[in-house]
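Take a look at the structure below.
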Amino acid sequence: MIATDISIWIAAFFTIAATSYVFKDNIIFKFAEYTFIGVAAGHALVMGVENVKKYGWSHLKGGEIIYIIPFIVGVLLYFRYHPTYYWLYRYGIAFLVGQGIGLSMRGMVHTDFIKQIAATAGPLVAETALGTLNTIIIFILTITSLTHFIFTVKQVHIGTMSWLPKIGRYGMLLAFGAAFGNTVMTRFSQYQGRMLFLLRDWLGIVAP
Amino acid sequence: MGLEKVGALPRWLVMTIVVVLMAIPLIKPLGILPVISESTMDYYNAIDQLKPGDVVLFDIGFGSGGYPTLGPASIAILRHCFSKDLKVVIMATQQEGAVIYPLIMDKVKPEEVYGAKYGEDYVFLGYIAGVQTAMAAVLGDLHSAAPVDYTGKSIDTLPMMANIKNADDIDVVAYLTTAGEIAEGWVYQAYSRYKKTTCGGWLSMMTPSLKPYYDTGALTGMLDGIRGAAEYEKLIGEPGDAMKTTDILNLTQLWVLILVILGNIAFFAARGKEVS
Amino acid sequence: MYKREIPLLITFLSGMVAVLEYYFPTDATKNAFTVLKNWGIVIAAFALGFGAVNLFIVYGRRFRKAPNPVDRVFSIWLLVLLVITALVGVSLSSASDQYQWIYNSIYLPLGATMYASLCFYMTAGAYKVLRAKTLDSTLLLITAFLVILGNTPLSAAIWKGFFSWRMWIFDVIVSGAYRGIRIGVGIGSIVLGIRTLLGMETGYLGRR
Amino acid sequence: MVWLIPEGRLTPFITLILMWIITLISIYYGKKGKFSVRRIPGLDKIEEAVGRAVEMGKPIFDIIGMGSFTSVYAPQTVAGLSVLGYVSKLCAEKGAKLIAPQAAVDVMPVAVEIVRQSYAEAGKLDELDVDEQLPYLSGTQFAWASGIIGMAARLKPAANVMIGPFWAESMMFAETFARVGAYQVAGTARLYQLPFFAAVADYVLIGEEIFAADAYLTKDPVKIGSLFSQDVYKLIAILLSVIGAILSTAGVKVIVDVLSK
């Protein structure tokens, strides 16, 4: 049974409009894109205001006066657009960039470096023959793809050694093929979700 | 040698066939059940082995872009949690998470289906800005990081939050996201910093670059896009939109394979002609 | 002094506190970091408004100066939507039904469909461009083909081997190659992080 | 607990300290010109692309993506600008027509300056028409993508170089330029977009190769020094893995144990 809710009709219009650029770039799509940008920026603003209220103001109201500092630094961010006092914006950005790097760097050395080496440095022999073969292939691909990214040590790329980065490159291309296959599935499954919306929620052809 | 004409189908026809192939299985479902992969099983087991009253921190780390695939996955995971009488603390590290939450809860219906009450069995903290800063803050000291829930009501008025103060009171961290920064962020904060059992789900295009975390045990479970979502729906025995969407993959992906074959036949036929 | 050196010092200190709290989680470092994390949320919330301000600057100018009238109408439409979304969100809160109505009718369909329609591009790409031209593209094509095949439940129903091939490609080739890539990316991010915390990489301060 | 360091964080802590020290030493010696970056094959392919544009008398595109200097992907935009400098120098010398559409308001003036400098050094400044060759298309993703696709379909370029940060629009670029028959050299460090470039481009620079190209072209000592330190860590990772695997297979788990301290 076809939808009667105006919200569903508007959503259907925008779903079709957002698909139209694929067939031919047109003004309806341009309208959809400008609408998307406006609403998205408005939503970010709303989330910003609510977060400041929920996580800043509630502390201040609770008597924690020290939370006035993030308020001041937060307001200073907007001096970015000021012709002469633009540099005041740097205090907030510096704090966010520093904290962001600190939070990821501290864990990254553990999960992206140490643990990955520990996994590769494990035994090459597994219970089954296939398991052993797989472990050896994983080991070779990890080592060779690493050699591919060595740029200042020339010996790795000369003579017989140069086979290592070559194998590494082939391994990565095979892996990118798998990633490409999964990306095809990602984009299709996203649009198929929209097709489900159009045929079920909008036109009512498909049973709920 | 008219074989190269095989590669000359007009562009609009190729795309229109895609639309048609998407509609057919929706009207007449093929109903082929997906095979369960190990990573989805691990995600499921991480939650299934919890006892009633255990706490799950669930992060809605996606927005409209991920909704068609990760929406159904969230519904399946939350249904699983409520069916086991777990306490669920929901938060959002992606801006749109705050407005995705009601869409998910309309489908899960915790009150009607599972008798779960807001404030006693589940709570929604809303969107918290700062990505990894938000994760580290909530895990470090939840009441200080998020003193109020998404409606602005103080956390202390919610009974369940009395004994959920920080990471030590959380048993499993489960998240779904479309952003690499969020997927990696939970590995660095929930697993590396606070040693939590962490399960991550994302779009399948992200799986290759995040699989090393699952392989080395940083992530206990992993949901690989719509495939993972459909498998999870099958595991909890409640077929939903993920299974319907996966059903369509059968025709559209085969059409892509046919096109790759036709394209290459035409390519080699044309090259054969040039050579001779 | 306070234009560059103090912001760089803030970057270094806020990064260091995060690293210290990870390796020396004493009560002192934890309590200090808790306050800084909560500040970080507030400052990040303030930064959410940048998008809206940028749009007002760019599209405000385009509305005044753009030669073709369509651009001007779309520019003003974008800003009007931004303001409406922000007003409804801030005054009635993002948890209100009216705000949810705006999201369900406009933002959700556009955000969900805009990127999903790339599946049509990928179809055209697979047909017109995915060729076994060079060794590189042939390798990539092999795994892409097998993964797409393995991703469809129908193929697994016909012969379980398609599914186990697809899983083998992911469990061995993807795991091996991407472990090397992940180590490389990890190392790159850590070194870039060290340079940024020490003030050798200052792009984020903005150029003036 | 070892001096307050929790279980399993001693090795990461020592590793991080060593990384700070080795990185600083490498940058110090980098400034003394002790290291050099090898010329990655990608740069030869770019030279081939410019040669093809000259032969066919058709333009060559150079797209550096829509990233800005304040985004977390700024290093990739900087790498794209270095390659733009290289491509514009080759175009000025060999007389190929360069088209470099722009998307980021803060990056555009820097790009124009780089191209103008290359043409000035080759004494061909009069041949450069900045408005036509470096147009500002748009800051919004799909308007930027459809703008470039329109130009590509109209101009039918002989070649296309895409180095920098790219998002979902990478698929649209790669597919359109391939369909128009352009010889493509593409590279990005955003992992999710690499499969498209690898599938469609004639040559792909994988991930950090774009930073190696940047360091090679600019000869920047800090970049070369830090690239050397990264190579040291990769070699350490390889050595530990190889020795560890051999010992573990023989039943001696010392490396794995130390790494999990």
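The values are calculated or read from the model by the stated rules, or taken from the named source; none is laboratory data. Remember, it's a predicted structure, so these values are computed and weren't measured experimentally. Note that each Cβ is placed from the backbone with ideal geometry, even for glycine, and that neighbours are counted across all protein chains shown.
Can you tell me how many residues in segment B:120-142 are more than 24 Å from C:S96 (Cα to Cα), in contact with a Gly (Cβ under 6 Å, 6 or more places away or on another chain) and free of Cβ contacts under 8 Å to residues at least 24 places away in the same chain?
Summing the residues that are more than 24 Å from C:S96 (Cα to Cα), in contact with a Gly (Cβ under 6 Å, 6 or more places away or on another chain) and free of Cβ contacts under 8 Å to residues at least 24 places away in the same chain in segment B:120-142 gives 1.
Just name the residue that is surrounded by the fewest Cβ atoms within 10 Å (Cβ to Cβ) out of those in segment C:107-127 that are more than 8 Å from chain B (Cβ to nearest Cβ) and in a helix (DSSP H, G or I). Even if it seems obvious, please write down each step before you answer.
In the first step, residues of segment C:107-127 are kept if they are more than 8 Å from chain B (Cβ to nearest Cβ); the result is C:113, C:117-118, C:121, C:125.
Pick out the ones that are also in a helix (DSSP H, G or I) and you get C:113, C:118, C:121, C:125.
Values: C:T113: 27, C:L118: 25, C:Y121: 22, C:G125: 27.
Going through the qualifying residues, I end up with C:Y121.
Every residue in segment B:154-182 that is under 25 Å from B:K84 (Cβ atoms) and of a type in the set (G, A, S), please.
So the first thing to find is which residues in segment B:154-182 are under 25 Å from B:K84 (Cβ atoms), and the list is B:155, B:158-177.
Scanning segment B:154-182 gives B:A162, B:A167, B:A174.
Taking the condition more than 7 Å from chain C (Cβ to nearest Cβ) and buried (at least 19 other Cβ atoms within 10 Å of the Cβ), does A:G100 pass? Step through it out loud before you land on a result.
On the way: more than 7 Å from chain C (Cβ to nearest Cβ): yes; buried (at least 19 other Cβ atoms within 10 Å of the Cβ): yes.
So A:G100 fits the description; yes.
On the basis of being of a type outside the set (A, V, I, L, M, F, W, C), more than 10 Å from chain A (Cβ to nearest Cβ) and in a helix (DSSP H, G or I), does D:E55 make the cut? Show your work before the answer.
Numbers: of a type outside the set (A, V, I, L, M, F, W, C): yes; more than 10 Å from chain A (Cβ to nearest Cβ): yes; in a helix (DSSP H, G or I): yes.
It is true that D:E55 is of a type outside the set (A, V, I, L, M, F, W, C), more than 10 Å from chain A (Cβ to nearest Cβ) and in a helix (DSSP H, G or I).
Hey, among C:I173, C:I187, which residue is closer than 30 Å to A:R90 by Cα and facing chain A (nearest Cβ under 7 Å)?
On the way: C:I173 fails: closer than 30 Å to A:R90 by Cα.
Residue meeting the stated conditions: C:I187.
Mind counting the residues in segment C:20-32 that are surrounded by 21 or more Cβ atoms within 10 Å (Cβ to Cβ) and at the interface with another protein chain (Cβ under 7 Å from one of its Cβ atoms)? First the steps, then the outcome.
Taking segment C:20-32 as the starting set, the residues that turn out to be surrounded by 21 or more Cβ atoms within 10 Å (Cβ to Cβ) are C:21-22.
With the extra rule that they be at the interface with another protein chain (Cβ under 7 Å from one of its Cβ atoms), the set shrinks to C:22.
Of the residues in segment C:20-32, 1 are surrounded by 21 or more Cβ atoms within 10 Å (Cβ to Cβ) and at the interface with another protein chain (Cβ under 7 Å from one of its Cβ atoms).
Of all helices (runs of 4 or more DSSP H) completely enclosed by segment B:1-106, which ones contain at least 3 residues that are within 30 Å of C:A45 (Cα to Cα)? Before the answer, list the steps.
Details: elements: B:11-27, B:38-48, B:67-83.
Because the criterion is at least 3 residues that are within 30 Å of C:A45 (Cα to Cα), the helices (runs of 4 or more DSSP H) in segment B:1-106 that meet it are B:67-83.
Picking from C:I76, C:I10, which residue would you name as being more than 26 Å from the chain's Cα centre (by Cα) and either within 8 Å of chain A (Cβ to nearest Cβ) or not polar (S, T, N, Q) (or both)?
After applying the criteria, what remains is C:I76.
Condition first: closer than 11 Å to D:F166 by Cα, more than 13 Å from chain C (Cβ to nearest Cβ) and not in a loop (DSSP other than H, G, I, E, B). Now tell me which residues in segment D:58-79 satisfy that. Before you say what the answer is, go through the steps one by one.
So the first thing to find is which residues in segment D:58-79 are closer than 11 Å to D:F166 by Cα, and the list is D:63-67, D:73, D:76-77.
When the remaining residues are screened for being more than 13 Å from chain C (Cβ to nearest Cβ), the result is D:63-66.
Across segment D:58-79, the qualifying residue is only D:I63.
Take C:F56 and decide whether it is of a type outside the set (D, E, K, R), surrounded by fewer than 21 Cβ atoms within 10 Å (Cβ to Cβ) and farther than 30 Å from A:H43 by Cβ. I'd like the intermediate steps shown before the answer.
Numbers: of a type outside the set (D, E, K, R): yes; surrounded by fewer than 21 Cβ atoms within 10 Å (Cβ to Cβ): yes; farther than 30 Å from A:H43 by Cβ: no.
Taking the combined requirement at face value, the residue does not satisfy it.
Mind checking which residues of segment B:1-43 are away from every other protein chain (no Cβ under 14 Å) and either touching a Phe, Trp or Tyr at 6+ places or on another chain (Cβ under 6 Å) or without any contact (Cβ under 8 Å) to a residue 24 or more places away in the chain (or both)? Spell out how you get there, then give the answer.
The initial filter retains those residues of segment B:1-43 that are away from every other protein chain (no Cβ under 14 Å), namely B:1-3, B:43.
If the condition is that a residue be away from every other protein chain (no Cβ under 14 Å) and either touching a Phe, Trp or Tyr at 6+ places or on another chain (Cβ under 6 Å) or without any contact (Cβ under 8 Å) to a residue 24 or more places away in the chain (or both), then B:G2 is the only one that fits.
Would you point out the residue of segment D:6-52, among those that are over 22 Å from the mean Cα position of the chain (by Cα), outside any helix (DSSP H, G or I) and within 11 Å of chain A (Cβ to nearest Cβ), that is nearest to C:T26 (Cα to Cα)?
The extreme case among them is D:R9.
Hey, among C:S155, C:S94, C:S175, which residue is polar (S, T, N, Q), over 15 Å from A:G38 (Cα atoms) and outside any helix (DSSP H, G or I)? So that I can check it myself, show each step before the final result.
Numbers: C:S155 fails: outside any helix (DSSP H, G or I); C:S175 fails: outside any helix (DSSP H, G or I).
C:S94 is the lone residue from the list that is polar (S, T, N, Q), over 15 Å from A:G38 (Cα atoms) and outside any helix (DSSP H, G or I).
Conditions (1) at pLDDT 90 or above; (2) touching a helix residue (DSSP H, G or I) at 6+ places or on another chain (Cβ under 7 Å); (3) in the same structural domain as C:G51 (by TED's automatic domain parsing), marked per residue:
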residue	(1), (2), (3)
C:V88	yes, yes, yes
C:S91	yes, no, yes
C:Y99	yes, yes, yes
C:Y103	yes, yes, yes
C:P109	yes, yes, yes
C:I148	yes, yes, no
C:W159	yes, no, no
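Kindly provide the set of residues from segment C:128-152 that are buried (at least 24 other Cβ atoms within 10 Å of the Cβ) and assigned to a helix (DSSP H, G or I), ordered by number. It would help to see each step written out before you state the result.
We begin by selecting, within segment C:128-152, every residue buried (at least 24 other Cβ atoms within 10 Å of the Cβ); these are C:130, C:140, C:143-144, C:147-148, C:150-152.
C:L140, C:T143, C:A144, C:V147, C:I148, C:G150, C:N151 - these are the residues of segment C:128-152 that are buried (at least 24 other Cβ atoms within 10 Å of the Cβ) and assigned to a helix (DSSP H, G or I).
For every residue, the table says whether it meets (1) farther than 29 Å from B:V113 by Cα; (2) free of Cβ contacts under 8 Å to residues at least 60 places away in the same chain; (3) surrounded by fewer than 22 Cβ atoms within 10 Å (Cβ to Cβ); (4) more than 7 Å from chain C (Cβ to nearest Cβ).
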residue: B:L235; (1), (2), (3), (4): no, no, yes, yes
residue: B:A242; (1), (2), (3), (4): no, no, no, yes
residue: B:T245; (1), (2), (3), (4): no, no, no, yes
residue: B:W255; (1), (2), (3), (4): yes, no, yes, yes
residue: B:I261; (1), (2), (3), (4): yes, yes, yes, yes
residue: B:I265; (1), (2), (3), (4): yes, no, yes, yes
residue: B:K273; (1), (2), (3), (4): yes, no, yes, yes
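One residue is enough: does segment C:36-56 have a residue meeting the conditions more than 24 Å from B:T93 (Cα to Cα) and within 26 Å of the chain's Cα centre (by Cα)?
Residues of segment C:36-56 more than 24 Å from B:T93 (Cα to Cα): C:56.
Right, trim to within 26 Å of the chain's Cα centre (by Cα) and you get C:56.
Scanning segment C:36-56, I find at least one residue that is more than 24 Å from B:T93 (Cα to Cα) and within 26 Å of the chain's Cα centre (by Cα), so the answer is yes.
Got a number for residues in segment B:207-261 being among the acidic types (D, E) and over 16 Å from B:G71 (Cα atoms)?
Filtering segment B:207-261 for residues among the acidic types (D, E) gives B:215, B:224, B:231, B:233, B:238, B:241, B:247.
Now restrict to residues that are over 16 Å from B:G71 (Cα atoms): B:215, B:247.
Total meeting the criteria: 2.
Which one of these is surrounded by fewer than 20 Cβ atoms within 10 Å (Cβ to Cβ), within 12 Å of chain B (Cβ to nearest Cβ) and part of a helix (DSSP H, G or I): C:W101, C:W39? First the steps, then the outcome.
Details: C:W39 fails: surrounded by fewer than 20 Cβ atoms within 10 Å (Cβ to Cβ).
Residue meeting the stated conditions: C:W101.
Residue-wise test of (1) under 24 Å from the mean Cα position of the chain (by Cα); (2) crowded, with 23+ Cβ neighbours inside 10 Å; (3) in a helix (DSSP H, G or I).
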| position | (1), (2), (3) |
| --- | --- |
| A:L133 | no, no, yes |
| A:L146 | yes, yes, yes |
| A:V156 | no, no, yes |
| A:P165 | no, no, yes |
| A:R200 | no, no, yes |
| A:A207 | no, no, no |
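State whether the residues of segment B:169-180 include one that is aromatic (F, W, Y) and over 16 Å from the mean Cα position of the chain (by Cα). Let's see the steps before the verdict.
Taking segment B:169-180 as the starting set, the residues that turn out to be aromatic (F, W, Y) are B:175.
Filter again for over 16 Å from the mean Cα position of the chain (by Cα), leaving none.
Within segment B:169-180, not a single residue is aromatic (F, W, Y) and over 16 Å from the mean Cα position of the chain (by Cα).
List the strands (runs of 3 or more DSSP E) that sit entirely inside segment B:170-276 and contain at least 1 residues that are of a type in the set (S, T, N, Q). Before you say what the answer is, go through the steps one by one.
Values: elements: B:172-177, B:197-202, B:221-224.
Ranges flagged: B:172-177, B:197-202.
Select, from A:K166, A:K115, the only residue that is of a type in the set (K, R) and more than 12 Å from chain B (Cβ to nearest Cβ).
Details: A:K115 fails: more than 12 Å from chain B (Cβ to nearest Cβ).
On inspection, the qualifying residue turns out to be A:K166.
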